[in-house]
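The values are calculated or read from the model by the stated rules, or taken from the named source; none is laboratory data. Keep in mind it's a predicted model, so treat the numbers as computed, not measured. Note that we place each Cβ from the backbone using ideal geometry, even for glycine, and neighbour counts take in every protein chain shown.
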Amino acid sequence: MYFNSVGVPECPNWTGFSLIMPAVSVGNIGQLTCDLLINTLKLTKMGCFSDQSLQPLCGNDAFHSTGIAAGKLVTSAEVFESQEKKIVVIQQRAALVQGRAGEFRRKLIEWIKEKGFSRVILITSCFAYEKTDAIIQSNTCRYLMTPSLEAKKDEFVSNLLKYPQLEKKPAEEGLELPRQPDDIPEAARDIRLSGGGIAKKLFIDCCKEDVPMAVLLLFCAEGDNTPHAMMMASFTNALLHLIPEPTKLPAGTPPWKAMWRPPASWTMLFGGPVDPTIY
């Protein structure tokens, strides 16, 4: 995987930083959440990834706020940073090439180790029909973490432990499911991430490679998931303390709605208005 820097030193020092990245999943929660983090925190673009495992993509600047962007383009996977907050955010806009997901995961883990990140936060989502009764009756956000992250016992882990962990779902009696390989770590056994993209396999890989990773997820369906993305951004913020929560809000306004600034690209999530002349 080749990292192409844009107008910055060839090898930025991200030792000790937190890496936040999406998994392309149902409802695009991870990507929408990264949009909010990048736009609200005004992160600096550091470069992009170029790799055969990523489908090629090119488009207009997603974060320009004053009209037509001045020749800035976005690509399949870009990297942003904040030296102040000590975070790096990957925004992945394109799906992986069929049959190359394993190659992408392997190269990604190599890059993560090379850069020396203190933790990786993978944001994903699962199909709403996978909710259990416990999830329906409580906060829909859940997490997983690798043993190497749990062993750190730092402030991030302490904050994470305040929230419910994803419940394991072993095969029901009489229901035949594919047998789990013997080499799957205990932390990754009996977890179901339907619709979560590469999240499950990347989590298993990180368990095996001793990469400190947390998977943050919620349950949703396809459609307008911008409110879910704001909830997930607030969940991430509660763990990392990136921005202060508002103290004075109009009655009935949830805090997450006032905290985050959607990028200009969100105005076209569902295309432009219908042309009245067709009627």
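Some points to look at:
- Just one of the numbered conditions (1) free of Cβ contacts under 8 Å to residues at least 40 places away in the same chain; (2) assigned to a strand (DSSP E or B) is not true of Phe80: (1).
- Test: residue in region 249-260 that is out of contact with any Pro (no Cβ under 8 Å at 6 or more places or on another chain), surrounded by fewer than 20 Cβ atoms within 10 Å (Cβ to Cβ) and in contact (Cβ under 8 Å) with a residue 60 or more places away in the chain: no
- Criterion violated by Leu54 - all others in (1) surrounded by fewer than 15 Cβ atoms within 10 Å (Cβ to Cβ); (2) touching a Leu at 6+ places or on another chain (Cβ under 9 Å); (3) hydrophobic (A, V, I, L, M, F, W, C) satisfied: (1)
- Among the residues of region 109-125, the ones that are in contact with a helix residue (DSSP H, G or I) (Cβ under 8 Å, 6 or more places away or on another chain) and either in a strand (DSSP E or B) or at pLDDT below 95 (or both) come to 7 in all.
- Restricting region 180-237 to residues that are part of a helix (DSSP H, G or I) and β-branched (Val, Ile, Thr), the residue that is nearest to the chain's Cα centre (by Cα): Thr236
- Among the residues of region 29-45, at least one is under 17 Å from the mean Cα position of the chain (by Cα) and assigned to a loop (DSSP other than H, G, I, E, B).
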